[in-house]
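One structure is given here, and the rest of the page talks about it.
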Amino acid sequence: MNMVLHDWEDPRIVGRHKETAHVPLAPFATERAALDGYPSTRLSLNGRWRFRLFPNPMAVPESCTAPDFDDTTWDEIAVPGNWQLQGYDRPIYTNVQYPFPIDSDLQAAMVRMAQAFDPRSSMLELQAPPEAYQCPLTVPRQDNPTGCYRTRFSVPAEWVGQSVFLRFEGVDSAFHVWLNGELLGYSQDSRLPAEFDLKPLLRPGENSLAVVVYRWSDASYLEDQDFWRLSGIFRDVTLWAAPPVHLWDYAAQTLLDVDFRDAVLRVETLIRNHGLDAAEGEVDITLFDATERVVARSSQAFTAAEAAETSLTLEAPVANPAKWSAETPTLYTLLVTLKNAAGQVTQIERSRIGFRKVEVIAGQICLNGGPLTFRGVNRHEHDPDTGHVIAEESMLQDLVLMKQHNINAVRTSHYPNHPRWYELCDELGMMLIDEANIESHGVWDRLARDPAWEMAFMERVTRMVARDKNHPSILIWSLGNESGYGPNLIAAANWIHAHDPSRPVHYHPAANAPEVDLLSPMYPSIAELIALAEDESETRPIVMCEYAHAMGNSPGALREYWDAIARYPRLQGGFVWDWVDQGIRQVTDRGEPWFAYGGDFGDVPNDGTFCINGVVDPDREPHPALLEMKRVYAPVTFEAVDLAAGVLCIQNHFAFVSTLGLTFIWTVEADGELLQSGTLLYLEIPPDGEAHVTIPYKPFVLQSGTEAWLTVRAILAKNTVWAQAGHEVAWEQFPLPSGAPLVAQPVDGLPQLAFEDAESSITVFNPVVMWIFDRATGELRSWTHHDRSVASGMRLNLWRAPTDNDLPQMAGLWRAAGLERLEQRTRDLRVEKLAPQVVRLTIETELAPPGEPPVAWGLAELLLLGNGDMLLEQTVTLAEDLPPLPRVGVRLDVPGGYEHFCWFGRGPHESYPDRKTGAQLGCYHSIVDAEYVPYIHPQEHGNKTDVRWVALSNPQGAGLMAVAHPFADGAPAPLLNVSAQHLTAHDLAAAAHTFELRRRQDIILNLDVAQAGLGSAACGPGVLPQYELTARSYHWRVLLRPIDPGMADWGTLSKQRWTVAF
């Protein structure tokens, strides 16, 4: 016997009594009000509603929808809001798997599908097996939390006789609504509006509104996105009124001529007559520029039959309008005015529109005739405190941060966003891929190929287009995400092409299906991306819809992706995954704030930390990765032509503006000290152009061992809505000729040393300094200078706390090799005097997990000098069967108190070998605590690359310095990777959350000859071969020097060399 399906269980029911979709309407009474955007005839129902949560729909009492139902004992809840973040139910985070049980046979079929798929094949070949279509798509009947909302309202007296509509901007996942005890309607699709005509049920005075929201529905199968599953009325609820004959929809098209100069404004209008008699009137369109000057107008009479709709198209020429782009977001105000037969204004609607044309020309997506580059990011709507309720302030914060970091495009992953987001993108200048609320990842193409689901697919796509069609920021429509491919998606693509041919259609994983207008690979390797670009059988543009998965300390190789993009015209950029860590703010009993991820609310199933993959944290604090994006995405680049003569080539990658909005400044520095500076005034480079310029720096003489470099920066010349004048847009650094090699000094004047060779230790000392080395391990037990502890430890280190990218594969290989358990033991230790002031220690060590064979062998040759200096020459040889390593270096334990952290290398933020493009060379000052990067899931962090020297000191100036030191034959030693923290790698690896970390008193100083790259293997390619640590031997030299108060500056100290050899 067939089970009777409720509305929320039947895929063929996507709504009841729901109005047809249209652009957002806000009727204004006067032209002045419309131009100001306020006030409109809208009434917000946001606020405190009565609320009660029931375990499932069957538990909801029928009486709760009655107008006289006593809800005084119910709780109050904020609308908009997600009930899970207001004390009810629990948040659930899943990525691919559904957050509720699905049919076991269907689940098994999906597993077989994934196991049988050859990843080298086209994604179009990944299809559910036939037996999957025999499996039911059930909605939980017992465990389906159901929220009941109630409120009361009265409509203004002036609305009497008008059509009144109730609009929900977003309800998750499905709902029924009652007005005055009568069923008003039903809707699903949580990310698009549901609108209902109240007039048949509306009463004078107070009205009762009841809404029953179902956490799970058949719609949940189409909303399997990678985000928190949160429920409730989470977007605005409004009432609005219109006259019986009213404007219901309008589509504004800006038709540019072949020269992209002049335009025709075409407005297609839809007028509805809710009256009982035919009506006549007039539709006017008026276009205003930013100064409220009328630049175009047109009028047309209409006749509307009773209870019917009529369409009218109006056109008006516009002479050379300013064109919209992300760089020049010029908007015009369009007013559409409805008048009755007597010429009286009955309704005015307002839109901000932009003149632009999107088309594909010669394999490139072009705007107004010019090819585009999408310097993009994917963005989920997420707030750490309110979940999916996004305030305008948060939207603005996102857009400002994006613009400041050279991001020019956003994919609304994976659903239509709040309507205000699009208005802000229009205004500030942000290109959008607008994506339909379709993702059935957990059952793949099972729905896309099922005719019973065609209406659901079509509604989600067509209603998105209907709502958002007038926004100039939307350049591309997206059918959704990761739902396989099949007839339902093909039908949606064909509908868009028929109804809005002005925008290309994107969809992944459509691969090279003919219905999509661009190829949209997801997480391709650079080699795969280049192969796509070199495929002569394809002519479509290529835009990575997701790449550079930014989970935790990530991603690597962004520079290499954009080197490829620069070489191939059809490669037009991509969208980093993703913008914000989707952590939910929590506070421990001790008052420590932290961010929760999947599983932290007892949510089962869950996908753990996979929602923590943004370039900003939930509070929008930028991660170091965002600074890498800013540099790689920079719209201005610099190349050396004749550096000795100061000649550079400056390339303007803006598509529509010259460089007149920028000021170019330059500096010459030597070891971080400013030598010269200047400004290049009024440099005008046309869009996509370049110019050779001469930096007029003067000859200079450097001290021996000094490095010099030229830095050129492009900064904003004037304030903008997203940044102040002086904001840095782009920069480049060029090495200049360095000073002469350093001259070593004799050691004759240094204090003499003595040593004691005991059974368990070796002690080297004089009245100033003492070193004690452990004979069993070869480690430095103690190092004092002027009775002040300097450091201890100095053990070999091959381990780092795994990053999120290390965890899928490399961390397991490292642990299998025992890298996190390595113990250092001595094979041989010899001590001898080379001179009265110099003692040499030769320490041969091996590293092995307890009870297992060695995996690495070390040879450390140390020269200990009478002034307290220690010159370490270290060789590490690795076992042949080791996997690529996380790091190779030495670790020292430095006493707490040496908190001032200074280094000469890249900074100021952390950098890694495959993510250092965004870090400038310089001399930086910090404190150790500030080097902690609070990744929500603790992991390796804080590394500095290309370090020449580093110093730790206390407030009095005493401390420790480490300097990359040339080899005895004069060959330069490798530059260092350095980090200083109050946490060990084991502390980080053992912690699941930031609040589990406990600051150590000592400082862990890592001096690495090599650190592995980051890659993006959490979801995408791993570390590129050139950034893997696969060598079998490493050799480096470091001078370790105690610092006393009052000694010379660190730059000078770093240059001291001694005439002594091993």
- Here FRET efficiency (C-beta to C-beta, Val657 to Thr1059, R₀ 60 Å, nearest 0.05) is 0.55
- Kindly state, as a whole number, the per residue volume in cubic angstrom of the convex hull around the alpha carbon atoms of the stretch 635-736. 92 Å³
- Task: Determine one quarter of the surface area of the Cα convex hull of the stretch 405-480, which equals its mean projected area, and express it in nm² to one decimal.
- Result: 5.6 nm²
- Query: Say the dipole of the chain comes from +1 at the beta carbon of Lys and Arg and -1 at that of Asp and Glu; which of Thr65, Gly205, Tyr568 then lies farthest toward its positive end?
  - Reply: Tyr568
- Dividing the surface of the Cα convex hull of the stretch 531-683 by four yields a projected area in nm² of 15.7 nm²
- Semi-axes (Å, rounded, descending) of the ellipsoid equivalent to the stretch 943-1062 per its C-alpha gyration tensor are 30, 24, 10
- Sort 676-689, 142-155 for me by packing, meaning the mean count of neighbouring Cβ atoms within 10 Å per residue, highest on top. 142-155, 676-689
- Task: Check cross-link reach from Lys718 to the lysines: straight Cα distance under 30 Å, and skip same-chain residues fewer than eight apart.
- Result: Lys323, Lys357, Lys403, Lys630, Lys698, Lys916
- Item | Gln809 paired with Glu131, simple spin-label distance in nm, labels 7 Å along Cα-to-beta-carbon | 3.1 nm
- Note on the structure: Here the alpha-carbon Rg of the stretch 664-803 over 2.2 N^0.38 Å rounds to 1.81
- Item | Farthest toward positive dipole pole in the chain [+1 Lys/Arg, -1 Asp/Glu at C-beta], among Gly480, Ala714, Ala958 | Ala958
- Rounded to two decimals, what is Rg over Rh for the stretch 262-419 when you use alpha-carbon atoms and the Kirkwood radius? 1.06
- Task: Quick one: compute the contact order of the chain, relative version, from alpha carbon pairs under 8 angstrom and 6+ residues apart, as a percent.
- Result: 9 percent
- Message: Averaging over every viewing direction, what projected area does the convex hull of the Cα atoms of the stretch 548-608 cover, in nm²?
- Response: 6.1 nm²
- For the modelled label position 7 Å from the Cα of Arg999 along Cα-to-Cβ, which residues of the stretch 904-943 have backbone nitrogen atoms closer than 15 Å? 927-934
- In nm, what is the difference between 0.36 nm times the number of residues separating Glu756 and Arg48 and their Cα-Cα distance? 247.0 nm
- Task: Count neighbours as other Cβ atoms within 10 Å of each site's Cβ, and list the trypsin sites (Lys or Arg not before Pro) in the stretch 1005-1062 that are DSSP loop with at most 16 such neighbours.
- Result: Arg1032
- Message: Once the cut-off is 20 Å, how many percent of the Cα-Cα pairs in the stretch 951-1012 end up in the long-distance tail?
- Response: 46 percent
- Item | Principal axes of the stretch 245-353: Cα extent on each, largest first, Å | 49, 27, 21
- Query: How big is the Rg/Rh ratio for the stretch 378-631, C-alpha atoms only, Rh by Kirkwood, two decimals?
  - Reply: 0.97
- Grab the beta carbon distance between Glu309 and Arg152, set R0 = 30 Å, and tell me the FRET efficiency rounded to 0.05. 0.35
- Query: How much length is gained if the chain between Ser122 and Ile927 is pulled fully straight, taking 0.36 nm per residue apart and subtracting their Cα-Cα distance, in nm to one decimal?
  - Reply: 284.7 nm
- Message: How much length would be gained if the chain were fully extended between Ala29 and Glu76, taking 0.36 nm per residue of separation minus their Cα-Cα distance, in nm to one decimal?
- Response: 13.4 nm
- Query: Calculated from DSSP H runs of 4 or more alone, at -39500 (n - 2.57) each and per residue, what is the 222 nm mean residue ellipticity of the chain, nearest 500?
  - Reply: -3000 deg cm²/dmol
- Count neighbours as other Cβ atoms within 10 Å of each site's Cβ, and list the trypsin sites (Lys or Arg not before Pro) in the stretch 195-281 that are DSSP loop with at most 15 such neighbours. Arg261
- Message: If I histogram all Cα-Cα distances within the stretch 754-1053 using bins 10 Å wide from 0, what percent of pairs lands in each bin?
- Response: 6, 28, 37, 23, 6, 0
- Note: the stretch 504-546, point scatterers on Cα, Debye, no solvent; log10 I/I(0) at q = 0.24 Å⁻¹ equals -0.81
- Message: With only alpha-carbon pairs counted, each pair once and no self-pairs, how large is the Kirkwood hydrodynamic radius of the stretch 143-240 in angstroms?
- Response: 14.2 Å
- Message: What percent of all Cα-Cα pairs in the chain falls into each 20 Å bin, going from 0 up to the bin containing the maximum distance?
- Response: 11, 37, 32, 15, 4, 0
- Query: Ranked highest first by average number of other Cβ atoms within 10 Å, how do 705-712, 527-534, 167-174 line up?
  - Reply: 167-174, 705-712, 527-534
- Going 7 Å from the Cα of Ala114 toward and past its Cβ, which residues in the stretch 774-817 have a backbone nitrogen under 17 Å from where you end up? 808-809
- Evaluate the charge dipole of the chain about its Cα centre and quote only its size in Debye, nearest 20, assuming +1 on the Cβ of each Lys and Arg and -1 on the Cβ of each Asp and Glu. 1420 debye
- Message: At R0 = 35 Å, how high is the FRET efficiency between Arg297 and Arg203 if r is their beta carbon distance? Nearest 0.05 is fine.
- Response: 0.25
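All of the numbers you see were taken from the coordinates with simple rules; none came from a lab. The structure presented is a predicted model; accordingly, all values stated were derived computationally and were not measured. Cβ sites come from the backbone with ideal geometry, for glycine too, and all protein chains shown count toward neighbours.
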